[in-house]
1. Taking Cα atoms, how many degrees apart are the long axis of helix 88-98 and the longest axis of the chain, rounded to 10 and kept between 0 and 90?
2. Using amide H atoms built 1.01 Å from N in the peptide plane, name the residues 5+ places from Leu380, or on other chains, whose amide H lies under 5 Å from its own.
3. Rounded to the nearest Å, what's the spacing between the alpha carbon centres of segment 431-473 and segment 763-799? Just the number, please.
4. Using a 1.4 Å probe on the protein chains only, how many percent of the accessible area of the chain belongs to carbon and sulfur?
5. Exceeding 20 Å between C-alpha atoms, which entries from my cross-link table qualify? They are Lys89/Lys151; Lys428/Lys562; Lys361/Lys435; Lys287/Lys499; Lys434/Lys562.
6. How large is Rg/Rh for segment 349-486, to two decimals, with Cα atoms and a Kirkwood Rh?
7. Whole number in Å², please: accessible area per residue of the chain, 1.4 Å probe, ligands, DNA and RNA not counted.
8. Once the Cα atoms of helix 361-370 and of the chain are each reduced to a long axis, what angle between those two axes, in degrees from 0 to 90 to the nearest 10, is obtained?
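The values are calculated or read from the model by the stated rules, or taken from the named source; none is laboratory data. Just so it is clear, the structure is predicted and the values come from calculations on it, not from any experiment. Neighbour counts run over all protein chains shown; Cβ positions are idealised from the backbone, glycine included. Ligands, DNA and RNA are excluded from the accessible area calculation, which covers all protein heavy atoms including side chains. Shrake-Rupley method; radii C 1.70, N 1.55, O 1.52, S 1.80 Å.
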Amino acid sequence: MKKEARNRKSVSLYAKSFWKGFDALSLRKGIILSVFVFLLVWYLFSLPRTLFESPYSTLVSDRNGELLGARIASDGQWRFPPADSVPGKYEICLIQFEDSYFRYHPGVNPLSLGRAMIQNLKAGRVVSGGSTITMQTVRLMRQNRRTYFEKFIEIILATRLELSYSKDRIVTLYASHAPMGGNVVGIDAASWRYFGHNAESLSWGEAAVLAVLPNSPAMMHFGRDREGLLKKRNRLLRQLLDSNIIDQTDYELALLEPLPAHPHPLPQIAPHLVTQAFLQNPGSHVKSTVDKHLQMRAEEVLDRWNREFSQNAIFNLAALIVDLETNEVLSYNGNVGFTTNVYGSQVDIIRSPRSTGSILKPFLYCAMLQEGVLLPTELLPDVPININGFAPKNFSLGYDGAVHADEALARSLNVPSVVSLRKYGLQKFYDFLKKAGMTTLNRPADHYGLSMILGGTEGTLWNIANAYGRMADAVTDYSRDRTYYEWENFRLLFDDQPKERKRDESPLFNAGAAWLTLQALTNVNRPEELNWDFVPSLRRVAWKTGTSYGFRDAWAVGVTPKYLVAVWTGNANGEGRPGLTGARTSAQVMFDLFNILPATGWFETPYGELVEAAICRESGQLKGMYCPESSIDTLLVPARGLQGEVCSFHRRIHLSEDGQYRVYEQCAGHRGIRSVSWFQLPPSWEWYYKQHHPGYRSLPPFSPECASGNLSDTVMQFIYPYPGAILRITKQLDGSRGKAVFELAHRNPSTRVFWHLGTDYLGETSNIHQMELSPDPGEYTLTVVDENGISLSIRFTVE
């Protein structure tokens, strides 16, 4: 029994000892496992989400990937955003020089590390690091001091980097962040700064220089002896030859290549576009729609004209060229002389609000056509007017009396435009322009008033060009498949995925009205402003100019089915200059730019949006009952144009048989009577109209037998002042009170006219019916009576 008790006690002690040992072993294993899991997790997540935190330069390339320009990174380094790949020559040189086993090791080469350790021990100092390209990429990423512990971390992270990234990607990361001397980082920046071209064009000699440079970047200092760099490059070239990578000819040619003697400036093409990209997308590589070679030719054209305009102290010039088939900007010239930084040359005029001048007139013409408020050739008044103190004048300071609407647009006459805007409605036109993309209209319509059509508002070249492009797009879209599509502004930067165009159920521009507007703009011809000698072979272009008040802004926009060219000329500081008009400056530049573009056809006629209408040739209105058949034309008009005004200028009158007098049946007597259709304008229109149209015939006077019963016939009309006018009579230079010239139109100018101001008789006039007056402040009634007893009165106020 005692023996059994001892055995049980021994077993119990053994069991306790066993489980105690087992618990200690488990604890050690648990700790080891935990450490292993921790290290594994650390290893798996050791790489930062963003490998490199360095800021990058901003790059802008053209539609074919060619560099237009760049802006330096925020830390003052030329460090281009990482590319997708590296050039083959550079990759070969880099691997041959830095890490010949790069394609075979897992990020670390133990043989290289061992060899480096032996070399360092023998030398007593660090002469070799043994780092692979992957380890060097990690070092560039971490930017820490070089210690043995840091080296160990680089080894670990290098293997981790190899697990996440391909060999090609690792080479690209290294090439994009390797120091290349001075403030140049990466192969792409170094290629441009040292050799003046992109990395894809590197020669063997150039690629070899950039491959050895990160090993000793200070050797690229241009003021130092760089024999060491040259020897390193040549040794690498010899290795390439010995490895049969290059042949003897390539080797000898590469040896003859000199090292770069000075840094090359980066391209400065479309600099305002580059600046815009820098402000909106800093540190990125932006691909634009610009065509580099067309951009350079356009810049040459602008520079040439700028040299000429500068002689008149006109220093700034901007231009856009757009492919209307794709809505892509092909040339973006925000200004001239960017690098000089004088006369506001760094201001991007394309995006700057400027006074619009007459450049908006085509949109009013088009809007009125498509609503049936105006017919294409309808007569409009061109006489002096005064609307609540606003008295617009034509550029020529003359008046035609009456002018057809399409001619008024082509000649950019101001008075007909103001009359048209008043008829159409200021608020309606304001809303129309807002829909057309005029984002600069940031005040109520009443703030601008009727001067809106003459430059009383501001617009940017970008918005105005888009509005013209939208009008042309309506014609091309409808002509293509009788469908309108929603408008999208011009593309300047390439998107990853082009947007699908949607149908527009309520288009802003009617294709028929837009086509008629473009047709009218092909007839632009203002010889008083434009010397046509500069365009020996003028192609068909719908174009419009504009000049702001004070000769501060000169505009020109031209459109064909394929291209749009928009130009602004002036001074960025707003200084006006004599001769700074749209036709004399911007139009000449515009046609020069068209001359560097391929010729195109013309817009197809959108017959589906047009109808035929019988139009009176003289009045431009719908055929009336008194319009002679010989003066009827058949014209295409928008469908709503059939609701337009019927001719109000042809009337039936009765003449004597010899045509000398107007008569009525009851008083014709021996003179006889015949009925004719007669084209008659209001007296004030007629007075100016006859000066430009010698064939115009005024109404004959009534015969003596019939005159007494027709004193009410309208034979007189005041030219100035206007009904309800408010006059401001200023002082002369000598301090005396000035005078206002009152003017009257009479169908028979030789008739004597007697003038009365209130109850005071002023005098009489004949042939030229003008009277100088200087009334005191107050309200007045002016009355005129001709020798036949016909009278006319008008009320006005003097402030």
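1. 30
2. Correct list: Val403, His404, Ala405.
3. 41
4. Values: 20290 of 38820 Å².
Carbon plus sulfur share of accessible area: 52 percent.
5. Lys89/Lys151; Lys428/Lys562; Lys434/Lys562
6. Across segment 349-486, the Cα-based Rg/Rh ratio is 0.97.
7. Per residue, the chain has an accessible area of 49 Å².
8. The two axes meet at around 70 degrees.
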